[in-house]
Each structure stands twice: as C-alpha cells, then as structure tokens.
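First comes the structure, then the notes that go with it.
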Amino acid sequence: MVTLSVIVAMCDVRDFCRTTLKSLALNAREDFEFIVVDDASVDGTSEILREMVPGIPGAVLVRNERNMGISATRNIGLAAARGRFFTFLDGDDWYAPGYLAQLVGWMSQSGVDFLRTGHVRVYGKKRKIVMPPLAPRALPLDPLDYMGPVDASTFIDYPSVWAGIYDRERLRQAGALFFEESLRTAEDRHWFYQLHLRMRSFGVVDLHGVFYRRDVSTSLTRIPDERQLDFLPAFRLVFGELAHHPRGYELSFKAMRTLCALIVIHLDRAQDYEELTRALLWERSAQTLFDLPQDILEGTLAGMDSVRVNKLRALMSQQMSQQQGAAAR
C-alpha cells in the first residue's frame, strides 16, 4: 500500500532540480511514491530528470508533450497518485532529510482531512522560518472557523500547497481534489477556498522541513505578462463557491478584502509589467470589482485604510469614465 504520494511539478528549473531530486531520495520510504511531472521543459531540465529520477526509490517520471501550466501539471500528478495522503513540491524547492516521515506521522495521528505546516523561506544563502498562522496546534479544527477574521492574516491567506498534507480520498469525495486548469497563477487561492468550504477538519503542526526559494527569476511570481492577472478569475471562482455555501455571505467579506488588497499590490508594481498587461490589469480589476456584490465591496472599503481605498476608487472611476467615453463615441 502507498501511504504518501508527492507530486513534483518541474518546468525549466535546471539550476535547482538536482537539489530537489536529492531531497526526495533522502526522504524515500518503501510506501512513498514521487510523481515527477516535467511540464515540457526546454532548458536542460528534462535531461537531468531522465538521468536522476530512475535512481530515486519510488519515483516515476511523466513528461508533458506541451507546456500545460502548473494547474494541469499538478492535476496530472494527482490523477496518477495512489497514496492515502498526498503533498506537493515545486521543482526549485527541497525537503529536509526525514521530513516526509514526520509529516505522515502527524497526519496519521491527527485523523484530519488536511494538515498545514510551516516552511523555511530561502533568500540566497539566508534562511527564515515561517510559522503557520495562529491556531491551536495538533488538534482537529473546523476549516470554516479559521478563514477569518477579515482584517487579519489567516490560513486562507497562506495558500502554499506544499506546506501541508492532504487525505486524497476525502478530498476526492468532496470534489476538492483537482485544480482549476484555466488558472495559470493564483490556482492555490481558489484551491484552498474549496478545502476550507468543503472539508470538515484540518490541523496545524510546527514542522519546517520544506525549503522554499524566493526571488527565483523563473518563478511564476516574477513573470511580467498576462498570467499575473489570473488572481482576478480565481476570485471570481471563489465568489462562485461562496454563493452556494450557507455561510457564504459572511465569508465573502474576507474574500473581498483579500481581492482588494491584491489589486492594490498589483497596481503598485504595475510598472514592472508589460504595457499590455498594465492596461489589462486596470481594465480587468475594475470590471471584477464592478461585477461582484456591491454591498460587500462597499462594506469592505469602509474597513480599509484610506490609501488603498483611494487607489481602488480612482481605478474604478477611471475605468468607468473610459467606458462612458467609448459608449458616447
């Protein structure tokens, strides 16, 4: 029986994947499987994977014939997984030796649907331990109770899929197993909303065995093109989920607060984007805010600081004026 499946998405990570693969070997166990999915890499990653993966106990290599993106690539791994539990690792990150055995031990003991952990953030040679958000440790918790409060950072604001472990069959039964493949970024935010809205229990432990590289030039968080804007359709999907949930109206204020904060973050760094991406950011952000429930938007803006509120209202006003001008012509 396979206890744990680790889905490892790889795409153009030639400079880092050897460390990633070595860490899998140092965590191998006879009941663990490692599903390495190469998303049509073109930088030499594929050659390294063909060389190293066969030497890792329990590892299999799958290659996408065309680039399919992170959501579809993870879904391919999930579809192939046989483990009772599963987790993720990105192609430029790595595990501490023995970490996965500890993770499975905690998950087996807890009996919850999913378990969240901390991680180690890596900036070059610097290391910083990141703790999971505040919550009782090593106890079964209701996922709905840890989405709020609105104005604090909570588990729904900690969308790192690799900082956790999940019960595969329970997520499958709840229809929360797979990622929305239309999302090229921000897929993790929608995925975690599904988990918190559909699953019955989760737990938290202070394990820090995942090493997460920041400021990698090939990271999706650094791309300057239209893929950066997928947080907008991701939150449209989130509001669709909330619309069918008994506590959806109440929880929508948290989602709106996060969406507004993300829009401002993207507006503040818009100068780093391609010209077309900037124009689409302004247009699509305003349209998303216009399309979502206005009472929730106004209630959210009433509780935010004036700097961000002014930026959001200026954005909406500018786009409305442009639309009215276009209509008049």
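The values are calculated or read from the model by the stated rules, or taken from the named source; none is laboratory data. Source: prediction; values computed, not measured. Every residue, glycine among them, receives a Cβ derived from its backbone with ideal geometry; neighbour counts consider all protein chains shown. Only protein heavy atoms, including side chains, enter the accessible area calculation; ligands, DNA and RNA are left aside. Shrake-Rupley method; radii C 1.70, N 1.55, O 1.52, S 1.80 Å.
In table form, for the structure just shown:
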item	result
Selection from the stretch 185-206 of residues that are in a loop (DSSP other than H, G, I, E, B) and either surrounded by fewer than 21 Cβ atoms within 10 Å (Cβ to Cβ) or touching a strand residue (DSSP E or B) at 6+ places or on another chain (Cβ under 8 Å) (or both)	185, 199, 200, 201, 205, 206
Residue list for the stretch 33-47, filter: surrounded by fewer than 21 Cβ atoms within 10 Å (Cβ to Cβ) and touching a strand residue (DSSP E or B) at 6+ places or on another chain (Cβ under 9 Å)	40, 46
Those residues of the stretch 54-92 which are in contact with a Lys or Arg (Cβ under 6 Å, 6 or more places away or on another chain) and acidic (Asp, Glu), in sequence order	92
The stretch 235-254 residues that are over 16 Å from residue 189 (Cα atoms), paired with ones that are in a helix (DSSP H, G or I) and among the β-branched types (Val, Ile, Thr) (beta carbon under 9 Å, 6 or more apart)	249/296
Residue satisfying condition, being touching a Ser or Thr at 6+ places or on another chain (Cβ under 9 Å), free of Cβ contacts under 8 Å to residues at least 40 places away in the same chain and not in a helix (DSSP H, G or I), within set 34, 86	34
Cβ pairs under 7 Å, 6+ apart, first in the stretch 91-110 and touching a residue at least 40 places away in the same chain (Cβ under 8 Å), second basic (Lys, Arg) and open to solvent by 20 Å² or more (accessible area, probe 1.4 Å)	92/213; 93/213; 101/29
One residue from 242, 289, 276, 229 being of a type outside the set (Val, Ile, Thr), out of contact with any Phe, Trp or Tyr (no Cβ under 6 Å at 6 or more places or on another chain) and loosely packed, with under 13 Cβ neighbours inside 10 Å	276
